[in-house]
Structures are given as C-alpha cells and as structure tokens.
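Below is one structure; the comments refer to it alone.
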Amino acid sequence: MEGLFDYVGHFGRFQAYVYFTSAFQAIACGIHYLASVFIAVTPKYICRPPGNVSFILLHNETLSQINEVWGLWTSPKDHLVVQQGNGDVWELHRCHRYKREGSSTPTYTYDGNQTLFSCSDGYEYDFTNLQSSIVTDWDLVCDHEWLAKLAQPTFMLGVLIGAVAFGDIADRVGRQLIMRITSTCQFVFGVAVAFTFNYYSFVIVRFFLAMASSGYLVVVFVYVTEYVGIKARTWASMHIHAFFAVGVMVVACVGYLVRTWWIYQIILSIFTLPFVLCCWMLPETPFWLHSQGKYKEVERVVATMEKWNKVSTPCKLSELCPAEENRELSGKDTKPAKTHNVLDLFHNCTFARRTISVWLIWFTGSLGYYVFALNSVNLGGNEYLNLFLTGAVEIPSYIVCCLGMDKLGRRNTLAPFLLLSTVICVIIMVIPKDFSTITIVMSMAGKFSIGIAFGLIYLYTAELYPTVIRSLAVGSGSMMCRIGSVVAPFCVYLTEVWIFMPQLLVGIMALLSGLLTLMLPETLGKPLLNTMEEAAEKVAKEESTRKTLSEANGIVMEKLESSNADMSDESLMHKL
C-alpha cells in the first residue's frame, strides 16, 4: 500500500485537509491533560476564627482584616493571633486553632494554657491570584489535602485505560469511528466537569474525559501516519505534538485571564467544539480498509484522494496490492479478519525484546515530560509564564527532532537525546539553590530534550509494527506512557523527601532507556509493514543479516589473529 503515495502524492491537498482537521483536536488533548495545574491549585490558607475579629497580629504587624495577612505571610508554619469582640484570644494555624485560656492581651508568643480545636468553621484562603479552585470550593486541605493531590493521578489513570481500550478497538472497528466518538466525548465531558457538585463527581467525570482524550490522541497518530507518505510522515506525525503543546500554552493563557475554575473549564472545553462539527467528514484510512479486505472502499478513498490532489493518471488497486489479495475484488468485498491481541506484540523473541524496549522508552518519556511540566509551577517566578514556556519550548524541540530523524534516523536521534536528558538532570542536581534562574533554564532544556524523545516514540512505534497491530502497539505503548504520567505527580511530591528526587529518578530511567534504544532497528525510509507475515519475514532477514555479519567479523578476526601470530613467529626467528 505504500506505493499509493507515489501516485497521489505524499502530502497533497487531501492529506493536508485530513491532517489539519484531525490534528486540531490534539489542542484539546493538551488542554485537558494539564488543566488541573490551575483547577486544583492550593493557595495560602489558615484556619477560620469562630466569630467576628477585632484585632489581628502577625509577627510584629497589627492588621484589621485577614485578607491583609497574605502579603506578609512568609512560611506555612506562620500563625495568626486574633482577638474577638468578646475579648477571646485565638491562635490560628493552617490545620488547627487554639483558644488561649485566661489571656485578654494578644501577644504573638504565648506560654500559657491553650485548648485545641479543629477547623470546624472552615478556612480562610488567599484569593489574591485566584477567585476559586476545587481546593477552595471543597476545602481540600489538611486531612483532605491528599484528595487534591490525587486529582491528576486519577486523571492519568483514565488516560491509561483509554489508551489501551481505544487503541485495541481502533484496530477492530477502524480509526474513523473512534475519532468521532472520542472527540464528541471530549466536548461533552469537558463541559460536564464544570457543573460537578462535589469532589467525587468531579473525579468521576474527569476520569471519563481522560479516557476520551487519551483514546483520541492514540488513534490520531495512527490515522495521520496511515494517510501521509514517507517523505512527509516524520514532520506530520511529530507536529501532532506541537498542537498538544499549543494546548498547554492555552491552559497557561486562560489560567492567567480566568481565575474561577469552572468558568476556566468551560472556556477550555470550547476549543473542542469546532472539530466535533467537522470530524464526521473524515474518511477511514486506506491501510485499515485494506487490512480488513474492504477493497472497494479502498478504491473509493483512493479516487477521492486523486480528485483532491488533481492526479492526472489514476492508479488501480491491482497495481498496489499483491495479486492474491486482489482476487477478492471479483468476489466478496470483505474477508474474515484475524483478531489480534497484545500477545502478538510478543510474537517471537525479537518482537518481545523490541516491545519491552519500546515500552520502557514510552514510560521514561512520559515520566520526564510530566515531571518537568508539573514541576514548572514550583520553580519560582510567574507560574503562568513558566507553564507557557514549558509548552512553547516543545515546538522548537519537534523541529530539531524532525531534522534529526530525517538526517540521522529515528534511533540515532532518540538515543542521544535520552542520554542528554540524563546529563541535564545531573546538572540540575548540582546547581546551587540560590541560582533559581539557571535552574529554570536547565529545566526548560530538560523539557526540550525529553520532549524530543517523548514525541519521537509515537512515530517510531508506528513504524516498528505492522498495520494489523499498529494501533495496539501504539495503544499499549501509550499505556506504559500513562503509567509514567500516573507516577510523575508522586515523583514531584517526593521533593518533600529530597528536593532533587524527581530529577534523580528521571535521569536513571533516561540512561537505561537510551542504552536500550541502541538495540532497536532503524526505520528511516523503510515502508510500513501490513501483515504479521511481512513483519516476521523482515525480522528473519534482519537476524540472518546480523548473523552473517557476525560470522564474517569472526572470520576476519581469526585471520588477523593468525596473521599477527605468523608475523610474531617470523620476527622471533629473525632475532634468533
């Protein structure tokens, strides 16, 4: 089927229409993946006093209102001393409060008797930089703080399940139908999140939103790969990630402009609507139709491509397909298709080694990507600008990646940047704490490097496997990717144990993945495989070639050793 693009063009008008229409929805995926950075933000807070306050004391500062406190607040360990109208003095902490017994004069330090109370009257929040978040609306602090931290991992768990489920289903029922369903669900669930009435309904709806977003993102890579020829496939597939990065930048911009979380969520979800109205016009890919034996439908799609691309010499399917397959054209339009499952990714020892290596690269790429992205708001400075730069730095990384992939190859680009990520993590770990600007710059460099690996592995995986299991391969790889994304928030939380623990973990995984990448085959300029038989035959040829080269090298080494031995004997005789 690769010969099709030599007739209709590798990236003609029709492919451009299909590409930009389907890629636009990747913006919505980027939006929903990172939206919780500002939806679940935790501002400064303190236990609310039990009644009206007439006097407030923070350190040596006397204040009249609690909202004046936040500009002077320096540490989570700070506390307030307040006096009520009836003369009672209270000492307010973040998660509890004390009533001072027998004290009528408020002082910041107190050694007398105090009675401990819980924050039964709620909390006071710093609304300087936001109007509301799920944390402030549902008091997800103190004993419930873990619920706020669980919001992003729970979303990524939905992403994991969606990647596996929709990747497998897309190989069975087609790419087009799954793209229609998932894009519609993204809009519906995206808007529904804004109208959830408590934390648990919020998590459930976001879980389904994650499944839909992940399903679309997995299938759109396969869809684009199967519609674009070899000459343009690298750039087209890689820049799906650029649209995702635009979504991250949209999150930063909307978060800066809109500080009420449910309005923010509705505005972000509107980005999905244009594609929902257009996705029904996208056709099924000729590769999938051909793998299912639907040859007449393939001919109709090819005819449409010829018309859009203004091909003057139309081709026949018989010129593109093996003769034994095209005999079906004279009979039934379809043939029974073999059902494939994840075990086919371990078809033989070579496939098993390949799959394990690819899965580890997916995991590492996702872990590093989200550790750098989620941690960007904790680097200091303007958190909205940091997140915007985190998305913006991806776009040049994909340009560099495409140039490397076309010039050096997939493997020879992937491995060096994984190893470079390790080096950058080590550099970040040795930067002095006071040099925050350098830390931000190196963090962006780390995001740049790991972004190349994270973006490249989608296309590389699609090229390593045949059509019949391509979506399954990308979907299972994405499953490992989402395990990495589930783990990433917890890695960021490990900064409480050691500030550089996230960089240490990412660096170790990047080093291991980079070394394993060197064992994978190169796919640059090679046609996509269609069946398991073609893949098995190619693997057998590669093994045979490798064995022949190994034997030849052995023979050469034996001759060199023999020659060196003869020369040594001659030299010895000459000396004697």
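At a glance:
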| item | result |
| --- | --- |
| Approximate spin-label separation TYR200-ASP111, in nm, with each point projected 7 Å along Cα-to-Cβ | 4.9 nm |
| Point-to-point label distance, ARG180-LYS44, nm (Cα→Cβ direction, 7 Å offset) | 5.4 nm |
| From the C-alpha gyration tensor of region 124-227, square roots of 5λ in Å | 33, 13, 11 |
| Evaluated over region 145-284, the Cα radius of gyration and Dmax, each in Å | 15.9, 51 |
| Unit charges at the beta carbon, dipole of the chain: most positive-side option, VAL203, VAL301, SER22 | VAL301 |
| Extension reserve of the PHE346-SER436 stretch, reckoned as 0.36 nm per residue once the Cα distance is removed | 27.8 nm |
| Dipole moment magnitude, nearest 20 debye, the chain about Cα centre, only Lys, Arg, Asp, Glu C-beta charged | 1080 debye |
| Theoretical gain in end-to-end length, ARG13 to TRP498 [0.36 nm per residue, Cα-Cα removed] | 169.3 nm |
| Length added when fully stretched, LYS541-ASP143, from 0.36 nm per residue minus Cα-Cα | 137.2 nm |
| Pairwise label distance in nanometres, ALA303 with ILE270, each label 7 Å out on the Cα-Cβ vector | 4.2 nm |
| Local electrostatic count at TYR370 - Lys and Arg +1, Asp and Glu -1, tallied over other residues with Cβ under 12 Å | +2 |
| Rounded accessible area of ILE263 (nearest 10 Å², 1.4 Å probe) | 60 Å² |
| Structure-based [θ]222 nm, the chain - -39500 (n - 2.57) summed over DSSP H runs of at least 4, per residue, nearest 500 | -21000 deg cm²/dmol |
| For the chain, alpha-carbon Rg relative to the globular expectation (2.2 N^0.38 Å, N residues) | 1.20 |
| Folded to 0 to 90 degrees: helix 532-575 orientation relative to the chain principal axis, Cα | 80 degrees |
| Residue-wise HN-Hα coupling along region 70-86, computed from phi with Karplus coefficients 6.51, -1.76, 1.60 (Hz; x: Gly, Pro) | 5, x, 9, 6, 10, 8, x, 7, 5, 9, 10, 10, 10, 10, 8, x, 7 |
| Charge dipole of the chain about the Cα centre (unit charges at C-beta), most positive-ward option of ILE438, PHE117, LEU387 | LEU387 |
| Distribution of pairwise C-alpha distances over region 1-125, 5 Å bins, in % | 2, 9, 15, 15, 11, 5, 4, 4, 4, 4, 4, 4, 4, 5, 4, 3, 2, 1, 0 |
| Region 39-76-region 376-442 distance, computed between alpha-carbon centres (Å) | 38 Å |
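The values are calculated or read from the model by the stated rules, or taken from the named source; none is laboratory data. All of these numbers come straight from a predicted model, not from anything done at the bench. Methodologically, a virtual Cβ is constructed for each residue, glycine included, from the backbone with ideal geometry; neighbour enumeration extends over all protein chains shown. The protein model used for the area step is the full one, side chains on, heavy atoms only, and it has no ligands, DNA or RNA in it. Shrake-Rupley method; radii C 1.70, N 1.55, O 1.52, S 1.80 Å.
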